[in-house]
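Notes follow once the structure below has been shown.
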Amino acid sequence: MKNKITQNILVALLGIICLLVGCSPSLNVNISSAEAVVIEFSSGLGENLVQTLYSITEADSQSPLFNKNAVAENLELSGFPVDSVSVDNNDLFVKTKPTSLQSIAKNTSGLIEEVSNNSVAISLTPEKFQDFVTILPEETVGYLDLLCAPIFTNEELSPEEYGEVLAAIYGNKLAREALSSNFVIEVSVPQGVSIKKIDVKIPSSKTVTNKNKARISIPLADFLCNLEESTIYLEW
């Protein structure tokens, strides 16, 4: 990987990008219209991961892992207007101001984009993530490489094999946390309409829809080990 990835910026953006081993990272995409899309992210880091990160980096355990000012600044530089950034008990919460789907598609290598006036597609691939994170700064401490996630290393591993790798490097507690965690993506389309069609192609995912909202829950280890394209397509 060209840059040493910074945990605080990556978690804020992806969400994209939520690609660290945690308890319940989540990404919310709220589409009021093609010109007004709000993205919210919660890192949901697990206790064992937090302890491991403090230990690896020898950071001051009395200081939070995330610098919310740095997160906000880098999001703004990357083209995401920030509404709020907060850190509560080492959980990072990020919310963007309403922005257009066209702008989001440009700033995320087409991760989220409008297909028509009443449809949207979310496309997640290792290549898009790897391209996207190269814009991140080198000056802050990076953790992602240390977690050896196949989605970034391109190494073919099953979730069970990935758990064995984490266990060998960081211990069984963190590995169990990784294998039991979920990544939740929620998509809301405009109020007053209902989702007419949803097509989710993500291994081991479960989808629930309710009127204008869809909730996709994905075992995090399965997501991190998937080297194929994951897609979510919605019509309303």
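Heavy-atom surface analysis with a 1.4 Å probe gives the range 149-220 a carbon and sulfur content of 45 percent of its accessible area.
Sorted largest first by accessible area at a 1.4 angstrom probe radius, with every protein chain in place, the residues 93, 41 fall in the order 93, 41. Taking the range 200-236 and a reference point 7 angstrom along Cα→Cβ of residue 158, the backbone N atoms nearer than 18 Å belong to 203-205, 219-228.
Rolling a 1.4 Å probe across all protein chains gives residue 176 an accessible area of roughly 140 Å².
Given a 1.4 Å probe and the protein chains as shown, residue 88 ends up with an accessible area of around 100 Å².
Report the calculated FRET efficiency for residue 201 and residue 60 (r = Cβ-Cβ distance, R0 = 45 Å), to the nearest 0.05.
Working: r = 43 Å, r/R0 = 0.96.
E between residue 201 and residue 60, to the nearest 0.05, is 0.55.
Estimated at the nearest 10 Å², the accessible area of residue 97 is 90 Å² with a 1.4 Å probe.
The values are calculated or read from the model by the stated rules, or taken from the named source; none is laboratory data. Because the structure is predicted, anything quoted here is derived from the model rather than measured. Using ideal geometry, Cβ is built from the backbone for each residue, glycine included, and neighbour counts are taken over all protein chains shown. To get the accessible areas, we keep the full protein, side chains included, count just its heavy atoms, and leave off ligands, DNA and RNA. Shrake-Rupley method; radii C 1.70, N 1.55, O 1.52, S 1.80 Å.
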